[in-house]
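Student: What follows is a single structure, and I will ask about it in a moment.
Read-outs: derived from the displayed coordinates by stated rules, not from any lab. Note that this is a predicted model, so its numbers are computed, not measured. For neighbour counting, all protein chains shown are included, and Cβ atoms are generated from backbone atoms with ideal geometry for every residue, glycine included.
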Amino acid sequence: MNQYGKNLILGSFSVGVKILAIETSCDDTGIAILEASNNGDFNVLSNIVSSQIEIHKKYGGVYPMMAKREHQNNLVPVLISALKQAKLLSLFNSAELQRVKASGSKIEKQNQNFKTIEKILEREMELYKKIIPFLKKYKKPNVDLIAVTNGPGLEPCLWVGVNFAKALSYFWNIPIVPVNHIESHILVNTLENNIKFPAIALVVSGGHTQLVLMKGIGKYKILGETRDDAAGECLDKCAKLLRLGYPGGPIISKLAAEATDAGLLFYRSPASVKLPRPMIGTKDYDFSFSGLKTAVLYADRKVKLKNAKYKKEMASEVQQAVIDVLIKKTTKAIRDFDVKSLILGGGVSANQELRKQFQNKLEKESPDTNFFVPKLDLSTDNALMTAITGFYHKKNKKDWKNIKAESNLRISSIK
């Protein structure tokens, strides 16, 4: 039984491909190694994430160039941890090193390889300084494919992961498959589930809020998306306006839960406000959350006593405003397209109240609709979701020279 609860019986699992995945789309450095059978059974060998939350917390948000620097520092140590956990980390022994040293042609070839890697990582020299000692010390792992997130995301961060993947691909002669980050948030749900199509996927995170119609894996149509702030971005900004800290989503969720536990929702003070639900009544599937942020700003200015009770009430109202809009738009899409499944993905899908209210809504109005949501540690950015998506698109593997970062990559571009 692996850490994600999928029971794999030895002897019945035939490995079709072993994938090393890299994720650096924002401020989490992730590397995972996944075994996949030809019929789509998965065995998770490792899934390591190095978070930068503590670094960015004091600034109240993610600074791309600072995140890029941290990815450069973290990628090699995280790779070593992932390979070690997967039992794929092997040192060159002394005899092997002596044979290289005794052969002038091998040394010359190795030096040429290192020059090529230096060229690949010319914009990430700190990473270059770390990867060369690693490649000298450790053997090529038993991996068939490298999957790397190439978009959407913060461009400086994406390029670090992409160039790292290109360097490994070149040196180890392993093909790469580029992976769409939004699709990864959706397909991570297939780790332990068989999704029935057609399906509606709601991807809701700090950078994205999208409703996607899925007719199958790789067959997508974006029905609607945010016209301004993403839901997670709105929660972060509202938390900053209310002086709650960063990241805002988990803090708002915690305070909202405390408000419910304390019964504050049933007895509100005169200072309590009712926030708007932007675009909740429109006939389309688009979202807008910038108006909610503005409403919080003006409402907060009117309140003089900003005590703990007030903060819990405001957190609860902000969270419920976001949930109301997400559920209304999503259930409309479920009805309009008569789908068999609803899939949630993205960092905001970790919100327990969002999960609970979606579950309750479906049980009352669409009991035949299957509901899939990732485990909490797979809701936020990780490389396991990259590996899973890489498996489904393994036929799209490319030469390392043909991979590039695309910060505005759209899921609709996937065929």
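Student: Using the Karplus curve 6.51 cos²θ - 1.76 cosθ + 1.60 with θ = phi - 60°, what ³J(HN,Hα) values do you get for each residue of segment 288-305, in whole Hz, with x for Gly and Pro?
Tutor: Each residue's phi maps through the Karplus curve to give 8, 10, 5, x, 5, 4, 5, 5, 5, 4, 5, 5, 5, 5, 7, 9, 8, 8 Hz.
Student: Multiply the residue separation of Lys115 and Lys302 by 0.36 nm, subtract the distance between their alpha-carbon atoms, and state the gained length in nm to one decimal.
Tutor: 61.1 nm
Student: Rounded to the nearest 5, what % of DSSP beta bridges with both residues in the chain are antiparallel?
Tutor: Of all bridge pairs located within the chain, approximately 65 percent are antiparallel.
Student: 5 Å is the cut-off here: which amide hydrogens, built 1.01 Å from N in the peptide plane, fall below it relative to Val148, excluding neighbours closer than 5 in sequence?
Tutor: Ile22, Val177, Val179
Student: Right, another one. Give me the extension gain from Asn370 to Ser51: residue separation times 0.36 nm, minus the current Cα-Cα distance, reported in nm with one decimal.
Tutor: Values: separation 319, 0.36 × 319 = 114.84 nm, distance 3.20 nm.
Working it through step by step, the gained length comes to 111.6 nm.
Student: Mind ranking 385-394, 360-369 by how tightly packed they are, going by the mean number of other C-beta atoms within 10 angstrom, highest first?
Tutor: 385-394, 360-369
Student: On to the next question. Assuming R0 = 35 Å, what is the FRET efficiency of Asn193 and Lys404, from their Cβ-Cβ distance, to the nearest 0.05?
Tutor: The pair Asn193/Lys404 has a calculated efficiency of 0.60.
Student: Measure up Lys328/Lys394; Lys237/Lys312; Lys332/Lys394; Lys274/Lys329; Lys309/Lys329; Lys240/Lys332 against 27 Å on the Cα-Cα distance and list the ones that go over.
Tutor: Those over the limit are Lys328/Lys394; Lys332/Lys394; Lys309/Lys329; Lys240/Lys332.
Student: Follow-up question, since we're still on this one. Which residue, Ile343, Ile22, Ile107, has the most motion in a Gaussian network model of the chain that connects Cα atoms within less than 10 Å?
Tutor: In the Gaussian network model the winner is Ile107.
Student: Using only alpha carbon pairs under 8 Å that are at least six residues apart, calculate the relative contact order of segment 197-339 and give it in whole percent.
Tutor: It comes to 27 percent, rounded to a whole number.
Student: Give me, ordered by chain and number, the residues 5 or more places off Thr226 or on other chains with an amide H under 5 Å from its own placed amide H.
Tutor: HN-HN under 5 Å from Thr226: Thr209, Phe287.
Student: Mind giving me the FRET efficiency for Ser412 and Ser81? R0 is 30 Å, r the Cβ-Cβ distance, nearest 0.05 is fine. If you can, show how the numbers build up before the last one.
Tutor: On the way: r = 35 Å, r/R0 = 1.18.
Using R0 = 30 Å, I get an efficiency of 0.25.
Student: Now a separate question. Taking the simple approach of a point 7 Å from Cα along Cα-to-Cβ for both Asn73 and Glu258, what is their distance in nm?
Tutor: Between Asn73 and Glu258, the label points sit 3.1 nm apart.
Student: Right, next: First measure r as the distance between the Cβ atoms of Asp228 and Tyr138, then evaluate 1/(1 + (r/R0)^6) with R0 = 45 Å and state the FRET efficiency to the nearest 0.05. Write out the running numbers ahead of the final one.
Tutor: Details: r = 46 Å, r/R0 = 1.03.
So, using R0 = 45 Å, E works out to roughly 0.45.
Student: Expressed as a rounded percentage, what relative contact order does the chain have, with Cα pairs under 8 Å and six or more residues apart?
Tutor: The normalised contact order for the chain reaches 23 percent.
Student: Here is a further query. Using the Karplus curve 6.51 cos²θ - 1.76 cosθ + 1.60 with θ = phi - 60°, work out ³J(HN,Hα) for each residue of segment 329-336 in order, rounded to whole Hz, and write x for Gly and Pro.
Tutor: Per-residue couplings from phi come out as 5, 5, 5, 4, 5, 4, 5, 5 Hz.
Student: Let me ask something additional. Using 0.36 nm times the number of residues separating Glu122 and Asn360, minus their current alpha carbon distance, what extension gain do you get?
Tutor: Between Glu122 and Asn360, full extension yields an extra 80.5 nm.
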